[in-house]
1. Might you check whether a residue that is more than 19 Å from A:ILE14 (Cβ to Cβ) and modelled with pLDDT of 85 or more occurs anywhere in segment A:102-112?
2. Name every residue in segment A:22-77 that is near DNA strand D (Cβ under 8 Å from one of its atoms) and small (Gly, Ala, Ser), in order of residue number.
3. Please pick out the residue among B:LEU80, B:LEU15 that is near DNA strand D (Cβ under 8 Å from one of its atoms) and over 19 Å from B:CYS107 (Cα atoms).
4. Would a scan of segment A:62-85 turn up a residue that is of a type in the set (S, T, N, Q) and at pLDDT 80 or above?
5. Criterion first (charged (D, E, K, R), open to solvent by 10 Å² or more (accessible area, probe 1.4 Å) and either in contact with a Pro (Cβ under 9 Å, 6 or more places away or on another chain) or more than 15 Å from DNA strand C (Cβ to nearest atom) (or both)) does B:ARG82 satisfy it?
6. Taking the criterion of being more than 8 Å from chain B (Cβ to nearest Cβ) and at pLDDT 75 or above, would at least one residue in segment A:114-133 satisfy it?
7. Of everything in segment B:10-24 that's small (Gly, Ala, Ser) and at negative phi, which residue is most open to solvent (accessible area, probe 1.4 Å)?
2 protein chains.
Amino acid sequence: MKLFDKKNIDFGMILTQHGLSKTSFRKILIELFYTKKYSLSVDEIITNLSFPIDKVSVYRALNAFEKNGLIHKVPDMANLIRYALCQSECSFEKHLHNHAHLLCSNCNETYCINDFKIPVVNECKGFIIDNLKIILEGSCVDCQQSYK
Amino acid sequence: MKLFDKKNIDFGMILTQHGLSKTSFRKILIELFYTKKYSLSVDEIITNLSFPIDKVSVYRALNAFEKNGLIHKVPDMANLIRYALCQSECSFEKHLHNHAHLLCSNCNETYCINDFKIPVVNECKGFIIDNLKIILEGSCVDCQQSYK
DNA sequence: CAATAAACGCAAATCAATTGCATTTATTGA
DNA sequence: TCAATAAATGCAATTGATTTGCGTTTATTG
């Protein structure tokens with residue numbers, strides 16, 4: 001269910017467009033995010049690379065990517081930080097992270113729910129909401145079917 | 001806006017009812033949760049106590065309280081762990097944590113939203129949700145008024 | 001009240017993430 | 001293109017939250 005053809009993407013260009021320098025590692029890192037459809041933790045990133053990389057460099061690259069609107073944090077239920085590609089509406093100037101995430105506890109696949117609206121509830125009265133963090137953990141369709 | 005009169009509560013009884021031993025510290029800890037209306041972090045708990053207590057003992061007591069359905073974790077936007085009293089529907093056997101939290105970024109007050117329903121969104125189709133983590137961060141009514 | 005179990009305090013370990021600094025790599029503009 | 005400048009990298013060390021081990025103290029149970 002890939003939404004893109006890797007051959008058609010200029011990863012260096014993506015970095016440049018987001019004001020990030022094109023180091024060999026960062027090109028491979030952004031390619032990894034486009035290749036893996038689910039969100040990635042630092043350890044998963046290192047495991048997926050074919051060369052040794054310092055964990056610190058991964059953290060710094062991820063922070064730079066996040067700062068410049070390329071990826072965003074997707075915390076899981078255990079308070080561990082994962083990262084996922086931003087939607088198209090994210091830009092250098094403005095992160096739109098006010099959407100919910102579906103996190104499959106089996107395969108770690110992350111789905112962004114873009115049409116999520118905060119439900120109006122009685123107890124919300126008067127509260128001004130600046131920021132959302134919504135994680136719905138469960139089983140994605142693929143993982144449900146693999147159990148049958 | 002206290003929902004109880006501290007004098008009428010037997011905190012030792014609450015511990016016993018949840019299968020927790022009645023040490024002097026734990027009685028004071030549970031009383032603190034009933035006294036403070038907002039959620040508490042480990043550091044806030046220690047600050048609020050009038051006697052020295054080892055941080056490890058706080059962690060262990062909180063873990064025991066959580067395990068036995070007395071309190072539950074309320075993570076904030078910065079992935080720091082806070083604890084809040086469980087609602088009445090929580091019990092030793094079953095934690096019902098599938099509710100959202102409003103977290104005031106000014107005063108740290110936490111409100112549990114019990115009538116929160118997962119909105120039906122297109123992208124949820126087929127996903128079986130086992131667990132929710134929903135934090136809405138913003139300004140509570142009191143803090144909005146204090147800015148006026 | 002004695003025997004047993006649990007909680008406590010202290011030291012040390014763990015784990016994720018960050019920081020400092022020297023070195024390497026990328027960007028830039030003449 | 002190449003030197004000057006800025007940024008990224010690797011390594012060591014640090015931070016901060018949380019956990020673990022263990023000997024001692026406190027609570028529970030009969």
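1. Within segment A:102-112, not a single residue is more than 19 Å from A:ILE14 (Cβ to Cβ) and modelled with pLDDT of 85 or more.
2. A:SER24, A:SER57, A:ALA61, A:ALA64
3. Going through B:LEU80, B:LEU15 in turn, the sole match is B:LEU15.
4. There is at least one residue in segment A:62-85 that is of a type in the set (S, T, N, Q) and at pLDDT 80 or above.
5. yes
6. Among the residues of segment A:114-133, not one is more than 8 Å from chain B (Cβ to nearest Cβ) and at pLDDT 75 or above, which makes the answer no.
7. Filtering segment B:10-24 for residues that are small (Gly, Ala, Ser) and at negative phi, the one most open to solvent (accessible area, probe 1.4 Å) comes out as B:SER24.
The values are calculated or read from the model by the stated rules, or taken from the named source; none is laboratory data. Note that the coordinates shown come from a computational prediction; the quantities given were computed from them, not determined experimentally. Glycine also receives a Cβ, built like all others from the backbone with ideal geometry; neighbour counts cover every protein chain displayed. With ligands, DNA and RNA removed, areas are computed over all heavy atoms of the protein, side chains included. Shrake-Rupley method; radii C 1.70, N 1.55, O 1.52, S 1.80 Å.
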